[in-house]
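Quick notes on the structure that follows.
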Amino acid sequence: MSRLALTQATLFDSAAGVLRPGTTIVIEGARIAHVTQQAIAVDDAEVIDCAGRVVLPGLIDAHVHVTAASHDLAGLALHPASLLSAESAQIMRGMLHRGFTSVRDAAGADFGLQEAQARGLYEGPRLAIAGRPISQTGGHADMRPKGVQASMFCSCAGLGLMGAIADGVGEVRRAVREQVRNGANHIKIMAGGGISSPTDPIDGTQFSMDELRAAVEEAEAANLYALAHAYSPRAVTRAVQAGVRSIEHGNLVDEATLREMKRHGTYLVPTLSTYVALAEEGTRLGWSAAMLDKLEVVRSQGLQALAMARAEGVPVVFGTDLLGHMHGRQSGEFTIRAAVQPAVEVLQSATIVAARLMGREREIGQLVPGAWADLLVVDGDPTADLTPLAEPAQGIRLLMQGGRIVRRH
């Protein structure tokens, strides 16, 4: 078994939110064996002298779509699965080289992509997958244009962002069970309206309470959890009361809704960079006036929602939700959040808090014995200034995943 030691490291203790200088990290194979500030023998290991630089856990983006190779989600469903897999491989590689060693795919990726990454066939972050999102007829993942009566899209290979359309408790249970059968690590529910879907109002609710509870029950029966796409206070509150673990987006929440989230221990996963990107490019990309109007409603309130969530003590997690060529803006989320969150909290949201949401804090999100040896060595002090992560090509001096050095300079 290979043995590697990082010496003179300034460790970012993500759980405590502090830096610990003079740390030695010993890696055996793919996992961390020792983390200590005491003297330890490393003569039998390859030594990397960090020279006091900060060492961070590998970053986690908890809301991505690695199969979103295009902003045209309806058109994307018609891509051959073989082509979409190749496009996804390039998206995944870009994420890894920006420092994201693990991601939570919020619908689209299947167990084949997950297995390809795990086997080393694709270079990319560790994937946790949802499979197909669960949507009611006319819901956020029902992408059929007005006037179309029958199903237009197959998504038979499981790739793409088309929803599993389910109406009624029985159909919802079956749809969730189908995602579980196909290896889902979590279940995505469309609990409210969205921007990119053609017919649903952004402040509307979707699914009955019985349907929402059924989805959560089926997820929990498989020892999984549910996450809910929702923007408005009403949609968020219903999803929280049904038992989802995280709210995705949540731009329009108010204090009362956030207090309900806090009471239930629900996480919030804002995705601010996608709204900035789409506001700049939506017209050029051919988005309709109705879609752009919905976009402006949520974009204008995103930072305010994040600030209110922080004030109410709701755990906030790093997410981006980018599409197509806009995946390259992923690291910009650090800069956007810094307007309302201290840098150390943003770091925690992309490490330990994200890992806790996923129930994987023993493996990822912190540098502790037994965890995967996923880490970044960066210049500067990212607990005070997030520039090294916002500009990863220059700021990341060494990137490691599972004990393998991905790149260094």
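Throughout, read-outs are computed from the coordinates displayed, never taken from laboratory work. The shown structure was predicted, so the numbers you read here are calculated from the model rather than taken from an experiment. Here the Cβ positions follow ideal geometry from the backbone for every residue, glycine too, while neighbour counts run over all protein chains shown.
Quick notes on this structure:
- Highest mean packing comes first when the peptides 336-345, 56-65, 226-235 are listed by Cβ atoms within 10 Å, giving 56-65, 226-235, 336-345.
- Taking the fewest neighbouring Cβ atoms within 10 Å as the starting point, the ordered list for ARG132, ARG213 is ARG213, ARG132.
- Computed from Cα positions, the angle between helix 272-281 and the longest principal axis of the chain comes to roughly 60 degrees.
- Considering only alpha-carbon pairs that sit under 8 angstrom and 6 or more positions apart, the relative contact order computed for the chain is 18 percent.
- Charges were assigned to the Cβ only: +1 to each Lys and Arg, -1 to each Asp and Glu. The resulting dipole of the stretch 201-267 about its Cα centre is roughly 220 debye.
- Relative to the longest principal axis of the Cα atoms of the chain, the long axis of helix 233-242 makes an angle of roughly 70 degrees.
- Between helix 255-264 and the chain: long-axis angle, C-alpha atoms, 0 to 90°, nearest 10: 70 degrees
- Residue (of ALA222, GLN304, THR320) at the positive-pole extreme of the stretch 59-330, dipole from beta-carbon charges: ALA222
- Dipole size of the chain about its Cα centre, with +1 on Lys/Arg Cβ and -1 on Asp/Glu Cβ: approximately 320 debye, rounded to the nearest 20.
- Cα coordinate range in the chain, projected on the principal axes (Å, largest first): 70, 44, 44
- One Cα centroid belongs to the stretch 232-269, the other to the stretch 319-377; the line between them spans 21 Å.
- Annotation: the residues TRP287, TRP372, sorted from fewest to most other C-beta atoms within 10 Å of their own C-beta, follow the order TRP287, TRP372.
- Mean-position separation - Cα centroids, the stretch 30-109 and the stretch 172-223, in angstrom: 26 Å
- Simple label model, 7 Å out from Cα along Cβ direction - VAL47 to GLN8, nm: 1.0 nm
- Modelled FRET efficiency - R0 30 Å, GLU281 with ARG93, Cβ distances, 0.05 increments: 0.85
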